[in-house]
Each structure stands twice: as structure tokens, then as C-alpha cells.
Amino acid sequence: MTHQIKTAVVGAGYWGKNLVRNFAATGSLACICDRGEEVLETFAAGYPDVTRTRSYRSVLEDNAVDAVAVATPAETHFSMVKEALQADKHVFVEKPIALKHRQGEELLNLARERKRVLMVGHLLQYHPAVVRLKQLASDGELGKLQYIYSNRLNLGKIRREENILWSFAPHDISVILSLTNEMPHRVISTGANYLHPDLADVTLSSLSFPSGIRSHVFVSWLHPYKEQRLVVVGDRKMALFNDVEPRDKLLLYPHKIEWKSQVPVPEKGEADVIPIEEKEPLLEECRHFLDCIREDRVPRTDGEEALRVLRVLDACQRSLEQDGRPILLQEEADAPCGPEVHVHETAVVDPGCDIGKGTKIWHFSHVLSGSRIGRNCNIGQNVVIGPDVVVGEGVKIQNNVSVYNGVTLEKGVFCGPSVVFTNVYNPRSHIPRMKDIRPTLVREGATLGANCTIVCGHAIGRYAFVGAGAVVLEDVPDFALAAGNPATVKGWVCACGARLQFHDGRARCGACGASYRKTDQGVTAE
């Protein structure tokens, strides 16, 4: 006899109650978990034999529970899914899988390691009309795909934990990626915040694919009526999926464009109604999850599919935050930020950067496009590098440092906390002067003490030491110890950092034994 899978639904509110109903219909519902006692009480009469609990920990510790379905707010998905996989539960999680791509990768790897099914609720993939539409496209009925656009609009539930892009767009992006069978190479997203200063209420995202297909995703929760349309344009036929229609949800138009006398002329025809099965998509989705557990199959919307959607969402969000700046996903895919480079999940590395192996980039730091960072560097918290900055091997940059365009750090440089670099000598807010950048060069092995300021246009010599709080207004020689405001040479230091004492133009380091010679041209190592 086949083992009956026992499922716990975690989060039984606005959307979770639908999961409760459908998992109950499959006969697998064993537990309902929600933080609200009043929410749990609403299920008492309808599901008297189902356990109700406010403790997620008790769900994970229950060996009788095989799987959990997570329908909690998006910001909790990563931690809750991770805990469930660590407890050896199969996991169904509503979209998105996580809010960070690296978090999604961690969950995918954990599911593989634990040999658990991880499935994401991209519901449209289980809609009979979408299943049929994908089959039409796959069979070549539409011809070569050219253009796809979706409208998901409503005056409905307005969220405060996520913007409209993350709330509405994942379903359509999932379907578009499935229809095109490729990832976009360029993403642009624009929008507007009307109800809350930090959350977009309306967004329009444009996806460009390597094959030439274009796609637009328009989402809004400030619309006078509900609209859910997906239009797929091919060079032979066009399809319309209208989920708001009670009947005839999928139409196929024999429209096409003929060229006559070098002029495009549309040829229209009557739409054919494509028959589809009457099935509830959510029930189909729940059944698919359970079937994948029983048969050890990969879900249609597995962790890998979810990561592709998450990557596009993340690119759209970054474009949105930068007023529609194009995000080039292929350049990001080619960026050398693999397992040998550590980039904290809160840090950002722009496309077109070159990061050496063994380098670590910590919390809230940002490496701008065109910058090159050598091997085995350590970039602290809240550091900005770039654009087009070169950082050598083994450099350490402590917290709260901005290394601007025009600054070059050679190998082995140490920047203490809150070091200040400038790149324009006489800046004015109202006068653009980026063409007047004066370069700053910090040579190999130099140390810049905490809170010192390096005025642009100067060089810090090899193994020089600039004291904390110093203000550098001129070049600092090799091996010099410079301090004060303005900084002046106070003495000389060894490459190991120890103070040097010269007698008759020669010095021997008492710490490491290195020898130095001092002449009118400066200090050199022997």
C-alpha cells in the first residue's frame, strides 16, 4: 500500500487558507500552523481531525509530517524553508523562493544534499490554459515567437511587505521564461510609488532575449478593474490567455503580417476557442507536489526554475531602483564571483567587474562597473569601489571607505577605517567636473591610517605610512612616516612597519633585519 504523505500548511491566512482547502482535498493535510490563534480557530469546524498549532518548531519536530507548504510573507521564506529542509521535510513554498539569489542557491543545494523535493508555487504553470498554450508553442502552432506581453492589474490587496513587482510579476515571468526556453540578456524596469514612498505600486518591465524575442510585464494594484492577460505573438498565429474570462480563456488568432510592395499588411481572422480541461490550478499544483514526492520526480517549478525567476526579478528591481537603467544579465553570469570569491548577500558587484580568487567583500559594500580587484583582498563593510578602479592583490580596505574613480591601490595596500579619497580638486554640486579627475596612486605596501584624507593628484610611496587623521596635500616618499595636518614627513619605516633610525645614511630594522640607505633622492632598501 502506498504511504499517505502528511502535509502541514504553514501560514493559513490570505492565501494559505486556499492551500489548506486543496491539500485537504488531496487527503494529505495533517496540520495547520499559524501564529494567530484567531486564524487557527476559523478551521476548527471544517477540519476537526487536523492538528492546529502556533509552533513551527513543533511541526518540524513531528516525524509524522513528511512535507510543509509555506505561505508566509516573502521575507520569511528563506529561513523557514531552510529550517524545514534541515529537518528533512519536503517543501512547497509560495513565490518567491527567497529575496536574494544567493539564498535561493543555498536552498537548492540544501534540498539536493538532503534529497528532498523543493517546489515553488508559480501557479500559472499549472493552469490548464497555460499548459495548453505551452503545448501550442512547442508544437510550432504559433510559428517563431516574436513578442510576449502580460498585464496583471487589479484594485485588490495592497501589500506592505513587498512591492507590486515581487507580488504580481513572478507568475508571468515564470511562464514567459518557460515559453521562450531561455533567459533574457537585458532587463529594464520602471515604475512609480504612489501609496508608500518605498514601495512601487505600478511597474513595467521589459525583457530582451538572445533569440530576438521581446517581452513586457505590466503589473499594478492601482487599476479600476481586474485584468489578467497574456498575449503571445508568433509569425504564424497569436494567442490570448485571459484568466478573468469565465469561459473561453484561451483564444488562438490566425493573424499574421504579409509584406506587399515592401509594406507590412496585417491579415486578420476569426479567433478559434481552444478547449481546455476544467481543473483548479491550485489543486493541480498541490497534486503535482505530492506526486513528485511519491515518485521521486523533479517538479515542474523546482528550485532551479525558481532561481531563474528570482534572477530576473532581482535584475528588474535593480533597474527599478536606478530609474530604468538597463541590467545586462549575461555580463553578470560571466562575472567571476564563483565559489572562490565571497560576496556577502547584502553586497553588490556590478556587471563588468573582475574579482580575483580568494577575495572577500563584506556587508553593504558596492563594487561599481569596470573595477578590477586582485586576489586575496579583504573589502570591509560599507565600502564603495569604482567605477573603473584598480585594486591590487592582497589589499585590505577597512569599513566605511570610498575608493573613487581615479584612485589606484597597488598590491598589499592597507586602508584603515574611514580613510577619505577625493578625485576632484575643486568640486561644485552644480558644475560637472568628472572630466577634471586628478589621479591618486597608493603604491605597493603602503598603509593609510584611520580617518586620514588623501587629497587627489598625489602619490603615496611604497611602504609609506600615513598616520591616523593626517591630511595629505603632497606626495609622500617611499618608506616615509607622514602625519599631521597638513601631513609632513616625521620619520621613516621599514617594509614590516617598524620605525627606522638612520646613522650616516644607513639603517637596519631592529624587527626584521632589513637594511636601508637614505640619500637626497629618498630611502631605498638594500
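Once the stretch 482-526 is narrowed to residues that are within 29 Å of residue 420 (Cβ to Cβ) and polar (S, T, N, Q), the residue that is most open to solvent (accessible area, probe 1.4 Å) is 485. Taking every residue in the stretch 429-458 that is closer than 22 Å to residue 374 by Cβ and open to solvent by 40 Å² or more (accessible area, probe 1.4 Å) and pairing it with any residue that is part of a loop (DSSP other than H, G, I, E, B) and among the acidic types (Asp, Glu), at least 6 positions away or on another chain, the pairs with Cβ-Cβ distances below 6 Å are 443/410; 444/410.
Of the residues making up the stretch 41-54, at least one is in a strand (DSSP E or B) and open to solvent by less than 60 Å² (accessible area, probe 1.4 Å). Between 39, 117, 50, the distinction of being at pLDDT 95 or above and among the β-branched types (Val, Ile, Thr) belongs to 117 only. Looking only at residues of the stretch 234-279 that are among the basic types (Lys, Arg), touching a strand residue (DSSP E or B) at 6+ places or on another chain (Cβ under 9 Å) and under 23 Å from residue 139 (Cα atoms), we find that the one that is surrounded by the fewest Cβ atoms within 10 Å (Cβ to Cβ) is 268.
If we scan the stretch 284-296, do we find a residue that is of a type in the set (A, V, I, L, M), touching a Ser or Thr at 6+ places or on another chain (Cβ under 8 Å) and modelled with pLDDT under 95? Within the stretch 284-296, not a single residue is of a type in the set (A, V, I, L, M), touching a Ser or Thr at 6+ places or on another chain (Cβ under 8 Å) and modelled with pLDDT under 95. Residue count for the stretch 192-237, restricted to those that are more than 27 Å from residue 252 (Cβ to Cβ), touching a residue at least 60 places away in the same chain (Cβ under 8 Å) and of a type outside the set (Val, Ile, Thr): 5. If the condition is being closer than 14 Å to residue 413 by Cα and within 34 Å of the chain's Cα centre (by Cα), then the stretch 434-453 contributes 440, 441, 442, 448, 450. Evaluating residue 3 against the criteria (1) surrounded by fewer than 15 Cβ atoms within 10 Å (Cβ to Cβ); (2) within 27 Å of the chain's Cα centre (by Cα) leaves one unmet condition, (2). Output the residue which, of all residues in the stretch 10-25 that are part of a loop (DSSP other than H, G, I, E, B) and hydrophobic (A, V, I, L, M, F, W, C), is most open to solvent (accessible area, probe 1.4 Å). Result: 15. The one condition from (1) crowded, with 18+ Cβ neighbours inside 10 Å; (2) at pLDDT below 95; (3) not acidic (Asp, Glu) that residue 84 does not meet is (2). Kindly list, by first and then second residue, each pair from a residue in the stretch 68-90 that is under 22 Å from residue 21 (Cβ atoms) to a residue that is open to solvent by 40 Å² or more (accessible area, probe 1.4 Å), limited to pairs with Cβ atoms under 6 Å and residues at least 6 apart or on different chains. Hits for this filter: 71/15; 73/161; 90/116.
Being open to solvent by less than 80 Å² (accessible area, probe 1.4 Å), free of Cβ contacts under 8 Å to residues at least 60 places away in the same chain and touching a Ser or Thr at 6+ places or on another chain (Cβ under 8 Å) holds for only one residue in 424, 395, 403, 407, and it is 407. Scanning the stretch 136-160 for residues that are under 19 Å from residue 238 (Cα atoms), surrounded by 15 or more Cβ atoms within 10 Å (Cβ to Cβ) and out of contact with any strand residue (DSSP E or B) (no Cβ under 6 Å at 6 or more places or on another chain) gives 136, 137, 141. Of all residues in the stretch 55-80, exactly one satisfies the criterion of being of a type in the set (Asp, Glu), open to solvent by 60 Å² or more (accessible area, probe 1.4 Å) and in a loop (DSSP other than H, G, I, E, B), namely 62.
The values are calculated or read from the model by the stated rules, or taken from the named source; none is laboratory data. Quick caveat, the model's predicted, so the values are computed rather than measured. Virtual Cβ from ideal backbone geometry, glycine too; neighbours counted across all protein chains shown. In case anyone asks, the SASA skips ligands and DNA or RNA and just uses the protein heavy atoms, side chains included. Shrake-Rupley method; radii C 1.70, N 1.55, O 1.52, S 1.80 Å.
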